[in-house]
Amino acid sequence: MTPEPASNITPPPPGRYELDTEGSTVEFATKHLFGLLPVRGTFALAGGSATVADPVEKSTVEAQIDAASFRTPTPPRDRVVRSTMYLDTDNHPTISFSSTQWDGNTLTGTLTVREVTGPVTLTVTESSVNGDSFTARATARVDRLALGVTAARGMTGRYLDFTLAVRFVRR
């Protein structure tokens, strides 16, 4: 049985939509120094699309994150995370998401980091339609070790909690 969408989730009309990279954000929070200190930062979206189907459960979403856009308030940390030790952005410039299922509340798919692909579930907390565009907010928890980013276990947080605010515009 498909769960009913939450009341704050309005599905957009069927069609093809492009990700508005300027109107979208990816924020994350994690811990470092043996889990004692919080770290917050952002990534920039490089592109993406959504195909909204009828029925909406058949819809798909693809998105690409610019791995080199990793930013926190500490530039030396950012350089280390972009290095071969973590994201290796020179050789793997893109982190990609591809949906596999939409049930009205969660968007399940795969996340690929440094050519390692693993499952991820985004919990959609709200969405709205405005003319030829729609916006959505979602959260997700990602286990970096499961995606092959294994450096500095213990010193660097294992989990990253993401908050996404994305805007798609009809093509």
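The values are calculated or read from the model by the stated rules, or taken from the named source; none is laboratory data. Here the structure is a predicted model, which means the values were calculated and not measured. FYI the Cβ positions are ideal-geometry reconstructions off the backbone, even for glycines, and counts take in every protein chain you see. These accessible areas exclude ligands, DNA and RNA; they are computed on the full protein's heavy atoms, side chains included. Shrake-Rupley method; radii C 1.70, N 1.55, O 1.52, S 1.80 Å.
Please work out the FRET efficiency for the pair Met85 and Arg141, using the Cβ-Cβ distance as r and a Förster radius of 22 Å; give the result to the nearest 0.05.
Numbers: r = 22 Å, r/R0 = 1.02.
Once rounded, the FRET efficiency stands at 0.50.
Work out from phi, with θ = phi - 60° and the Karplus expression 6.51 cos²θ - 1.76 cosθ + 1.60, the ³J(HN,Hα) of each residue of the range 131-145, listed in order in whole Hz, and give x for Gly and Pro.
Here the 3J(HN,Hα) series is x, 8, 9, 9, 10, 9, 10, 8, 10, 7, 10, 10, 8, 5, 5 Hz.
For the range 32-87, take N as its residue count and report Rg(C-alpha) divided by 2.2 N^0.38 Å. Before the final figure, lay out each step's value.
Values: Rg = 16.4 Å, N = 56, 2.2 N^0.38 = 10.2 Å.
Rg over 2.2 N^0.38 Å, computed on Cα atoms: 1.62.
Given Cα pairs under 8 Å that are at least 6 residues apart, what percent is the relative contact order of the chain?
Details: 428 pairs, mean separation 47.9, N = 171.
Rounded, it is 28 percent for the chain.
Work out, step by step, the length gained on full extension between Thr51 and Thr25: first 0.36 nm times the residue separation, then minus their alpha carbon distance; give nm to one decimal. Intermediate results must be reported in sequence, preceding the final value.
Details: separation 26, 0.36 × 26 = 9.36 nm, distance 1.99 nm.
Here the segment from Thr51 to Thr25 would lengthen by 7.4 nm.
Quick one: if the Förster radius is 22 Å, what FRET efficiency do Arg153 and His92 give, using the C-beta to C-beta distance and rounding to 0.05? Please report the intermediate quantities before stating the final value.
Details: r = 20 Å, r/R0 = 0.92.
Efficiency at R0 = 22 Å is approximately 0.65.
Per the helix-only calculation at 222 nm, which mean residue ellipticity applies to the chain, given -39500 (n - 2.57) for every DSSP H run of n ≥ 4 and division by its residues, nearest 500 deg cm²/dmol? Intermediate values should be presented prior to the final figure.
Working: 1 runs with 8 residues, N = 171.
The per-residue figure over the chain is -1500 deg cm²/dmol.
Where the eigenvalues come from the Cα gyration tensor of the range 50-171, what are the semi-axes √(5λ) of the equivalent ellipsoid, largest first, in whole Å?
Numbers: eigenvalues 167, 46, 35 Å².
Equivalent-ellipsoid dimensions as semi-axes: 29, 15, 13 Å.
Ignoring any ligand, DNA or RNA, what whole percent of the accessible area of the chain comes from carbon and sulfur when the probe is 1.4 angstrom? It would help to have the intermediate numbers written out before the result.
Working: 5020 of 9290 Å².
Of all accessible area on the chain, carbon and sulfur atoms account for 54 percent.
Under 5 Å between amide H atoms, partner at least 5 residues away or on a different chain: which partners does Glu126 have, H built in plane at 1.01 Å?
Excluding prolines and chain starts, which carry no amide H, the hits are Arg137.
Taking the inverse of the average 1/r across all pairs of different Cα atoms in the range 104-156, what Kirkwood radius in Å do you get?
Working: mean 1/r = 0.0763 Å⁻¹.
Final number for the Kirkwood radius of the range 104-156 is 13.1 Å.
Rounded to whole Hz and in sequence order, give me ³J(HN,Hα) for the range 44-59 from the Karplus expression 6.51 cos²θ - 1.76 cosθ + 1.60, θ = phi - 60°, writing x for Gly and Pro.
Running phi through 6.51 cos²θ - 1.76 cosθ + 1.60 with θ = phi - 60° gives 9, 7, 9, x, x, 8, 9, 10, 8, 9, 10, x, 4, 5, 8, 5 Hz.
Name the residues whose placed amide hydrogens come within less than 5 Å of the amide hydrogen of Ser69, ignoring near sequence neighbours (fewer than 5 apart) on the same chain.
Ala44
Read phi for every residue in the range 158-165 and hand back ³J(HN,Hα) as whole Hz from Karplus 6.51 cos²θ - 1.76 cosθ + 1.60, θ = phi - 60°, with x for Gly and Pro.
Those phi angles translate into 6, 10, 10, 9, 9, 10, 10, 10 Hz.
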